[in-house]
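For reference, the structure is listed below as structure tokens.
Since every read-out is calculated from the coordinates, none of them should be taken as a lab result. In this text, all values refer to a predicted model and were calculated from it rather than measured experimentally. Here Cβ is always computed from backbone atoms with ideal geometry, including for glycine, and neighbour counts include all displayed protein chains.
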Amino acid sequence: MKSLKIFYIYHSCFVVETEKHLLVFDYYKTPLKTDIDDISLIDIVSKSLKKVMVFSSHGHYDHFNKDILNWKNENHELTYILSSDILLDGDIKNCYQISEGENLNLGDMTIKAYGSSDLGVSFLVEVDEVKIFHAGDLNWWYWKDDTEAEEKYMRELYTGIVEKIRVNKEIDVAFFP
């Protein structure tokens with residue numbers, strides 16, 4: 001692994017900077033600025049000399065903010081990789097929608113979409129000699145009012161998806177809720 005920087009933004013949003021790429025996962029919103037913040041995420045995206053890839057794992061408001069679709073106005077080379085459940089208005093340049101089980105090869109990057117225990121997908125991204133997994137809302141959800149059957153269903157759903165991912169034992173970085 002050559003160069004890797006990870007930035008936590010908010011909620012499930014992470015930015016990963018590799019040697020040649022800037023990856024933004026599940027942007028929802030930027031937290032309130034503090035006095036020490038001197039640059040915004042959109043500034044980073046627009047000024048990056050690296051390939052910028054913006055991922056959204058599903059259409060829930062806390063994982064997909066359609067404001068990201070305006071980021072292409074600041075960086076025309078930006079590429080979107082969105083879960084197929086996200087509804088778009090018209091064609092978006094450099095936008096790929098992906099469903100569970102699908103693979104996407106973008107030259108120097110490969111993306112495999114795994115399932116979720118909620119809506120949408122989780123992503124396994126191989127780029128610049130690094131394997132990055134972003135779970136989206138893949139989680140072993142447990143709510144205190146769940147019935148035994150609901151708890152069993154969630155456990156089996158989650159562990160079934162994780163078993164499919166487990167074959168990639170060389171994952172370098174993983175983000176889970």
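Counting only other residues whose beta carbon sits under 9 Å from that of VAL121, what net charge do I get with K and R as +1, D and E as -1? It would help to have the intermediate numbers written out before the result.
Working: positive: none; negative: ASP85, GLU100, GLU102.
The answer is -3.
Magnitude of the Cβ-charge dipole of the chain, K/R +1 and D/E -1, about the Cα centre, nearest 20 debye?
Numbers: 19 positive and 31 negative charges, 95 e Å.
Value, rounded to 20: 460 debye.
Long-range amide H contacts for CYS95: which residues qualify at under 5 Å (H placed 1.01 Å from N, peptide plane, sequence gap of 5 or more or a different chain)?
The answer is TYR80.
Helix-only mean residue ellipticity at 222 nm, the chain, DSSP H runs n ≥ 4 weighted -39,500 (n - 2.57), per residue, nearest 500. What is it? Intermediate results must be reported in sequence, preceding the final value.
Details: 2 runs with 26 residues, N = 177.
Mean residue ellipticity, 222 nm, calculated: -4500 deg cm²/dmol.
Nearest 10 degrees, 0 to 90: what angle lies between the long axis of helix 148-166 and the longest principal axis of the chain (Cα atoms)?
So the helix axis and the longest Cα principal axis differ by about 50 degrees.
Assuming 0.36 nm per residue, please report the length gained on full extension of the stretch LYS93 to GLU19 beyond their Cα-Cα distance.
Working: separation 74, 0.36 × 74 = 26.64 nm, distance 2.43 nm.
Going from the current span to full extension adds 24.2 nm.
What percentage of all Cα-Cα pairs in the range 5-175 are separated by more than 22 Å?
When all Cα pairs of the range 5-175 are counted, 45 percent exceed 22 Å.
Using Cα pairs closer than 8 Å and at least 6 residues apart in sequence, work out the relative contact order for the chain, in percent.
Values: 346 pairs, mean separation 28.0, N = 177.
Across the chain, relative contact order equals 16 percent.
Residue by residue, what Karplus-based ³J(HN,Hα) values in Hz, rounded to whole numbers, does the range 99-107 have, using 6.51, -1.76 and 1.60 with θ = phi - 60° and x for Gly and Pro?
10, 3, x, 8, 10, 10, 10, 10, x
Which order do peptides 130-142, 92-104, 60-72 fall in by mean Cβ count within 10 Å, highest first?
Output ranking for 130-142, 92-104, 60-72: 130-142, 60-72, 92-104.
When the Karplus curve 6.51 cos²θ - 1.76 cosθ + 1.60 is applied with θ = phi - 60°, which whole-Hz ³J(HN,Hα) does each residue of the range 169-177 get, with x for Gly and Pro?
Working through the residues one at a time gives 5, 9, 5, 8, 9, 10, 10, 10, x Hz.
Note the count of lysine pairs whose C-alpha atoms are less than 13 angstrom apart in the range 1-149, limited to pairs 8 or more residues apart or on different chains.
Lysine pairs, 8 or more places apart or on different chains, close enough: 10.
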